Amino acid sequence: MPTPIKLYNTMSRKLEEFKPIVPGKVGIYGCGPTVYWHPHLGNMRTSISNDLIKRMLIQNGYEVTHVMNYTDVGHLVGDEDEGAEDKMEKGAVREGKSVWEIAQMYIGSVISDMAAVNNIPPTFTPRATDYIQEQIDLIKKLEELGYAYIIPGRGVYYDTAKFADYGALSGRDLSKQLGGVRISDEGKRSSADFVLWAFLPDDAKNEMIWDSPWGRGFPGWHIECSAMSMKLLGKHFDIHTAAAEHINIHHTNEIAQSEPVVGKPWVSYWVHFGFLMAKDGKIAKSAGDALTIPYIKGLGYDPMHFRYMMLLGHYRQPMDFTFAALDAAAAGYKNIVRKLAVITGEAKQSLPNQDKYNEWHDKILSAVNDNLKTAVALTHIQELLADDTVDAATKYSLFKFIDDLLGLQFIDQAQKLLAADAAPIPAEIQALVDARIAAKVAKDWAKADQLRDAIDSAGYTVMDGKDGMSVKHKV
């Protein structure tokens with residue numbers, strides 16, 4: 001049997017055995033992207049980490065309800081929930097489109113990229129603009145309970161001093177944190193207080209503006225996640241996730257505005273993912289990075305190479321993104337695919353050995369159950385491939401499980417490789433191979449190297465062996 005699931009809970013700051021609220025079922029809410037720009041590779045690391053948690057739970061027999069929101073309103077330019085301009089409105093101006101067109105376009109981009117890295121689609125993908133009434137209702141409850149106050153001309157604010165546990169998630173006294181740098185703290189009771197509903201003047205040009213009991217405007221960033229998660233997962237749910245940048249402010253504020261209404265604890269396990277770092281710091285949309293899934297695909301990388309690279313690290317730790325690291329991951333991934341292609345051709349010769357299957361299944365799953373130690377699981381996979389006591393049929397069956405658990409599409413890639421190898425070599429490639437053979441006979445090594453590079457650029461690998469030269473389609 002695999003070991004029990006353990007997750008690091010940011011709230012308790014320790015590793016805890018996972019115990020669902022409802023036996024056999026798990027509710028997960030993962031903070032999704034603000035859809036004003038293409039998702040970058042940092043966003044994709046977060047989405048892959050969410051997918052791994054879900055896959056692990058499914059392989060342990062749980063029925064998973066996964067909610068990932070789209071923030072299409074209310075996320076101000078300052079991530080601290082202060083600023084003069086909504087990011088959606090800014091994106092609309094940048095591209096000469098309406099905010100609604102911007103949202104739809106970049107939601108499509110998120111869906112496409114998540115499919116490219118083989119994420120299981122979330123159960124629900126709510127848009128903040130579809131839950132305005134739920135957000136208003138939640139603010140009204142907070143107001144009735146005495147947790148909200150109005151700053152004339154500014155908005156409805158949350159009074160953090162009223163919530164005794166404010167800052168518990170990070171372990172810091174956030175009531176003493178500095179206020180936003182883009183607007184004055186004038187009118188706030190505490191610099192940590194945050195906007196629940198932002199007012200807009202009657203002559204505002206914003207496309208996204210709604211009526212409310214307090215005046216025309218739009219909801220603050222934090223309130224949307226509380227309202228949507230309660231609507232779709234209930235007043236209490238199991239796991240809340242996001243990148244680590246959301247611990248101090250966004251998730252701290254979510255807790256503060258939720259627990260006075262639903263009781264404590266609102267969420268059982270808080271799981272946070274480390275940053276993906278580029279040379280000059282964290283990869284972020286605001287930096288205008290071109291590091292996206294389509295970008296690396298254009299350079300010849302398969303999205304599975306990136307997914308494999310993410311699994312070589314641990315979800316809680318920062319990772320450095322370099323193309324050297326991506327190249328190394330691609331090489332490791334291709335090596336497994338090549339070995340699996342050989343196994344696939346032999347697997348039909350016998351039935352799997354159930355004892356061996358159970359042994360390796362539990363070993364690999366236990367590594368992932370132990371706080372998502374995917375790098376350890378990948379080491380076990382290499383050990384499995386090298387284990388001569390496990391026959392091909394058993395290894396192939398185990399890779400079906402591995403693909404379900406890690407989402408790396410090893411079998412699909414191995415089958416594509418076999419199909420490509422079985423296909424006749426195109427005449428133009430064979431002509432390059434024949435020319436290279438002639439160049440080597442003539443000891444024209446420079447020309448032979450040029451021809452090898454041309455064959456490689458065309459998507460084939462040429463190999464020199466004792467039986468002569470052979471050419472195969474690249475992984």
Can you give the convex hull volume of the alpha carbon atoms of the range 353-457 per residue, in Å³? 152 Å³
If you take mean projected area of the Cα convex hull in nm² from the coordinates, which of (i) 24.6; (ii) 20.6; (iii) 26.3 do you get? (iii)
Run the dipole for the chain about the Cα centre, Lys and Arg Cβ at +1, Asp and Glu Cβ at -1, nothing else charged, and hand back the magnitude in debye, nearest 20. 800 debye
Lys and Arg at +1, Asp and Glu at -1: add these up for the other residues within a Cβ distance under 12 Å of Asn353 and post the number. -2
Rounded to the nearest 0.05, what FRET efficiency do Ala331 and Leu351 have when you use their Cβ-Cβ distance and R0 = 41 Å? 0.80
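Assuming 0.36 nm per residue, please report the length gained on full extension of the stretch Glu428 to Ala386 beyond their Cα-Cα distance.
This chain segment gains 11.4 nm when fully extended.
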Under a point spin-label approximation (7 Å from Cα along Cα-to-Cβ), what is the Lys440-Ser457 distance to one decimal in nm? 2.1 nm
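Using heavy-atom solvent-accessible surface (probe 1.4 Å) with all chains present, what is the largest-first order of Met230, Met304?
Details: Met230 35, Met304 0 Å².
Reading off the accessible areas and sorting them downward yields Met230, Met304.
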Rank these by accessible area, largest first, 1.4 Å probe: Trp445, Trp360, Trp210. Trp445, Trp210, Trp360
Using the basic label-point model (7 angstrom from Cα toward the beta carbon), what is the Leu145 to Asp165 distance in nanometres? 1.1 nm
In whole Å, what is the distance between the alpha-carbon centres of the range 368-413 and the range 219-273? 34 Å
Which FRET efficiency, nearest 0.05, do Ile209 and Lys235 yield, Cβ-Cβ r, R0 30 Å? 0.50
Spin-label pair Asp362/Lys19, simplified geometry with 7 Å Cα→Cβ offset, distance in nm: 2.3 nm
Which percent, to the nearest 5, of DSSP beta bridges fully inside the chain are antiparallel? 55 percent
Quick check: from the Cα gyration tensor, does the range 331-401 come out rounded (a/c under 1.5), prolate or oblate? oblate
So how exposed is Leu200, as accessible area in Å² (1.4 Å probe, rounded to 10)? 30 Å²
Computed accessible area, Trp100, all protein chains, 1.4 angstrom probe, square angstrom: 110 Å²
List Met228, Met114, Met1, ordered by accessible area with a 1.4 Å probe, largest first: Met1, Met114, Met228
Only helices counted: for the chain, with every DSSP H run of 4 or more residues adding -39500 (n - 2.57) and the sum spread over all residues, [θ] at 222 nm is -14000 deg cm²/dmol
Accessible area (Å², 1.4 Å probe, nearest 10) - Lys25: 100 Å²
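The values are calculated or read from the model by the stated rules, or taken from the named source; none is laboratory data. Given the structure is predicted, the values throughout are model-derived calculations rather than measurements. When we count neighbours, we look across all protein chains shown, and the Cβ atoms used for this are built from the backbone with ideal geometry, even at glycine. For accessibility, only protein heavy atoms count, side chains too; no ligands or nucleic acids. Shrake-Rupley method; radii C 1.70, N 1.55, O 1.52, S 1.80 Å.
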